[in-house]
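Worksheet for the structure shown next.
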Amino acid sequence: MDKNSHKGCSQRHSIVRTLVSSTISCGIVMTDSENTLGANGLGMLQEDISTKKKKRVSRIIDGGLRELSIIVCKKVECKGRTTYGEVADEILAESAAKRNNSTSLDEFDEKNIRRRVYDAINVLMALNIVTKYKKEIQWKGLPCKDTKDLEDLEGVRIKLINGIRKKTAYLQDLEEQIGGLQNLIRRNQQMDMSGIPSEGFSLPFILVQTRPHATVEIEISEDMQLVHFDFNRTPFSLHDDAYILKLMQYYHLPGHSCVTQKTVAHSYSNFETQKV
């Protein structure tokens, strides 16, 4: 096995731990000895025996049954192809080596570990992580999304990002409008205090801008709800009150700083002076 394969094994151990632990805790795979009882009123005895067995395996394998399942998963993944006996033999040998041969495993411990290895392999098969053909066990891989699912998720992500950008731009525009209105209110208040006659028009409004010598034909409906402009192919532009107030934020009131909530991205040199 090369270094890249070993690196891939170790990177996915945490994911395998979660999958295997969840499956074991949910009881997907149960042994014959655990299924023989229950309907005959000996449920309490079954639970007590099972608990004692688990504790005994925990003393043999550091971390208990879940850690044993992870060890089995790692071995099958790194080998690619193996057998139940090969995996069980390696785990027993490693367990004996860790105990420094101080005490050998008795027959019950060995059978118990082999049974738990068999259970762990069944768990991996139930999760579709490994496949079994006769005695050979083959690593299949962790479940993952196919290409189409990933493309769909990427499309949703891009859509959400674009939506956030649009809302951010809209929020910025609203903040600039607030700054323009606050600035206009302060200017009008100062004009009233100084006795300057108030000449202007109310909000909202639309400013039509075209060339100075353009011929413009205007028709207004009787109810004043519809206005028709004919610029005779002369270029023109329309600006609402929010745009004009945004540009007016460049003017500073005497003795006061201009109220702005966002820096306006327009140059004063590009603005022809208009009075509101």
Review point. Can you give the extra length, in nm with one decimal, that the chain gains between Ser194 and Phe108 once fully stretched, where that is 0.36 nm per residue apart less the Cα-Cα distance?
Key: 20.7 nm
Review point. Taking a ≥ b ≥ c as the square roots of the eigenvalues of the Cα gyration tensor of region 163-216, is the shape rounded (a/c under 1.5), prolate (a/b larger than b/c) or oblate?
Key: oblate
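May I ask you to sort His213, His228 by Cβ crowding, counting other Cβ atoms within 10 Å and putting the fewest first?
His213, His228
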Exercise for review: Return the FRET efficiency for the residue pair Arg211, Asp173: r is the Cβ-Cβ distance, R0 is 35 Å, and the value is rounded to the nearest 0.05.
Suggested key: 0.80
Point to revise | Theoretical gain in end-to-end length, Arg157 to Glu86 [0.36 nm per residue, Cα-Cα removed] | key: 21.0 nm
Exercise for review: For region 126-219, take the alpha-carbon Rg, divide it by the Kirkwood Rh, and send me Rg/Rh.
Suggested key: 1.51
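If you count, for each residue, the other Cβ atoms within 10 Å and average over each peptide, how do 72-83, 167-178 line up from highest to lowest?
In decreasing order of mean packing, 72-83, 167-178 become 72-83, 167-178.
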Review point. Using mean Cβ contacts within 10 Å as the protection proxy, how do 151-160, 116-125 order, highest first?
Key: 116-125, 151-160
Review point. To the nearest 20 debye, what is the magnitude of the charge dipole of region 134-229 about its Cα centre, counting +1 on the Cβ of each Lys and Arg and -1 on the Cβ of each Asp and Glu?
Key: 1040 debye
Point to revise | Cα convex hull volume per residue for region 185-236 (Å³) | key: 138 Å³
Review point. Between Ala96 and Lys135, what FRET efficiency follows from the Cβ-Cβ distance if R0 is 22 Å, with the result rounded to 0.05?
Key: 0.35
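Rule-based calculations on the coordinates, nothing more; no lab input. Not measured: the values here are computed from a predicted model. All Cβ positions, glycine included, derive from the backbone under ideal geometry; neighbour counts span all protein chains shown.
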